[in-house]
Amino acid sequence: MPADEIKTKRLRLRRLTTADTERIAELGGDWDVASMTSRMPYPYTLDAAKQWIDHLDADEKVFGIEHDGELIGVTGYHGDPSANSAEVGYWIGKPYWGNGFATEAASAVIEYIFRNKIAQTITCGHFDDNPASARVIEKLGFEKTGSQQWWCEARRIEHLAIRYQLNKPEGFWRKLVGIASAN
Ligand SMILES: CC(C)(COP(=O)(O)OP(=O)(O)OC[C@H]1O[C@@H](n2cnc3c(N)ncnc32)[C@H](O)[C@@H]1OP(=O)(O)O)[C@@H](O)C(=O)NCCC(=O)NCCS
């Protein structure tokens, strides 16, 4: 059974509980965060945050990202076992942007997926007006596969998203050293 917790150099990725509801609604309720994700509503009410934490899909694994004992964001994946693939996602609360946290957390999730043989291919994407996420995805080594309209719950419209994939590369373990060291 894969672990529920991952430690990296600076972060602890752990299971979310209802005690995180307020923090998720507060950080995720920022327009600059919610509008760049596909599924976060805006405004993000406490009830919406609690519903989300309580009703995660069976193929979905979500980790709260903790730094110095504080929840600063969320990452995880949604598996598609029939395609042997998993879609990775992440967001970081605005006060914590620009410290390499998204890259460190997502890189640990990627390692977790490959190490636990959850999927052979990892997919992800960003809306075309999100250069910061484009840069995170580039740093993680993904390759562009195309673009498509993708639903954005906060904006309540379909918006152009750039799509990527990552196949487990040769020397994967060596390449990840230095980005994150999961336990
Ligand atoms: C995208 C996001 C996760 C990045 O989090 P982060 O912890 O700041 O990311 P990192 O620090 O690991 O890396 C960010 C990179 O983007 C770069 N960047 C930031 N803003 C940028 C911009 N406007 N244009 C180009 N690059 C930018 C940073 O310089 C950094 O690259 P570098 O390490 O080469 O300097 C965060 O901004 C966020 O949560 N945004 C809202 C939600 C979201 O977009 N989620 C992802 C959905 S696809």
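What follows draws every value from the coordinates through simple rules; no lab data is involved. It should be emphasised that the depicted structure is a prediction, and the values quoted were computed from it without experimental measurement. Heads up, the Cβs are rebuilt from the backbone with ideal geometry, glycines too, and the neighbour counts pull from every protein chain shown.
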Unit Cα scatterers, Debye sum, the chain: log10 I(q)/I(0) for q = 0.11 Å⁻¹: -0.44
Radius, Kirkwood style, for the range 68-146 when every pair of distinct Cα atoms is counted (Å): 13.3
Using alpha carbon centers only, the range 66-98 is separated from the range 110-131 by a whole-angstrom value of 10
State the answer as a single residue: which of 11, 48, 33 lies farthest towards the positive end of the charge dipole of the range 1-60, with beta carbon charges of +1 for Lys and Arg and -1 for Asp and Glu, about the Cα centre. 11
Cα-based Lys proximity count in the chain, under 18 Å, for pairs eight or more positions apart or on separate chains: 11
Please build a GNM for the chain, connecting alpha carbons under 10 Å apart, and tell me which residue among 62, 109, 136 fluctuates the most. 136
Using the number of other C-beta atoms within 10 angstrom as an exposure proxy, rank 156, 14 with the fewest first. 156, 14
